[in-house]
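The values are calculated or read from the model by the stated rules, or taken from the named source; none is laboratory data. Here the structure is a predicted model, which is why all the values come from computation and not from measurement. Because the Cβ atoms are built from the backbone with ideal geometry, glycine has one as well, and the counts that use them run over all protein chains shown. Heavy atoms of the whole protein, side chains included, go into the accessibility calculation; ligands, DNA and RNA do not. Shrake-Rupley method; radii C 1.70, N 1.55, O 1.52, S 1.80 Å.
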Amino acid sequence: MATLSGSSGGIAYYQLKERTVKQETVSANQSNSNSDISTVNGLVAPNVPIVSSLDSTQFGMLNQLEPSIAAEEEELQESPEIDIVINNVVCNFNVRCHLNLRQIALTGSNVEYRRENGMLTMKLRNPGSTASIWSSGKVTCTGATSEDAAKKAARKIARILQKLGFRIRFTNFRIVNVLGTCTMPFKINIVKFSRENRNNAVYEPELHPGVTYKIKDIKATMKIFSTGSITITAPSVANVQSAVEHIFPLV
């Protein structure tokens, strides 16, 4: 019995000891956590004003940037990018000699001779263009998509004629006409537009579905359609661009 009582007393003693150890561990963890929190608070508290001051400067910088960003957005909205597609460039030049069209038709390649019209047609692949040749030495090239390509095609035609035995002199080259198209990012009220621009605009729906608008300064003629599509005819590519810049605020 004594042994049993001793053993039970030892067990109770060990259980009590374990409880005290656990309580001491829990209290120690709580004290450590409290000290950590106090330490963290001690570290954070002095830095709070610095963070707030940095935030205020950042907000100040953002406030200064906001007007410029808004202005840029307004500019982008007011002047959207419009792609102008050059479809055809027409150029003329003279070779300053008489051309035997029948001889060119017999010895040349990619040519078509129509005697009733008194004109010979020669086609090129690169750059893609078609040349109309007269016996007087005048040549007209059409089908190029840029001024550089038109000049390259004209010089290539002159070189071909030179190789066929003619004494060619490449002279009087000039761009005669440029055809371009563009599409506005909105529809156009052509009836209202024609009324507001009666001096330069002509609208006859019985004859043509679009408005004909002429700009005398740059010698440009425009066909404006209600879908927003515009066809421009001008003496040069620069004039086509100027015509689009002129018509955009009006439509």
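Take the Cβ atoms of Ala238 and Asn126, set R0 to 22 Å, and the FRET efficiency comes out at 0.30. Across q = 0.14, 0.20 Å⁻¹, region 128-251 modelled as identical point scatterers on its alpha-carbon atoms has Debye log10 I(q)/I(0) values of -0.69, -1.03, in the order of the q list.
In a fully extended conformation the segment linking Asn100 and His208 would gain 34.7 nm over its present Cα-Cα distance, using 0.36 nm per residue. Accessible area of Lys123 (1.4 Å probe, protein heavy atoms only, ligands and nucleic acids ignored): about 120 Å². Segment Thr227..Leu164, full-extension length gain: 17.7 nm, with 0.36 nm per residue of separation and the alpha-carbon distance subtracted.
Computing FRET efficiency as 1/(1 + (r/R0)^6) for Lys216 and Arg155, where r is the C-beta to C-beta distance and R0 is 35 Å, gives about 0.60.
Counting 0.36 nm for each residue step from Asn87 to Asn117 and taking away their Cα separation leaves a gain of 8.2 nm.
The GluC sites (Glu not before Pro) of region 104-147 that meet both conditions, a loop assignment by DSSP and at most 11 other Cβ atoms within 10 Å of the site Cβ, are Glu116. Measuring between their Cα centroids, region 82-135 and region 181-202 lie 37 Å from each other.
The GluC sites (Glu not before Pro) of region 148-251 meeting both criteria, a DSSP state outside H, G, I, E and B (loop) and at most 11 other C-beta atoms within 10 angstrom of the site's C-beta, are Glu206.
Taking a point 7 Å out from the Cα of Arg195 in the direction of its Cβ, none of the residues of region 220-238 has a backbone N less than 13 Å from it.
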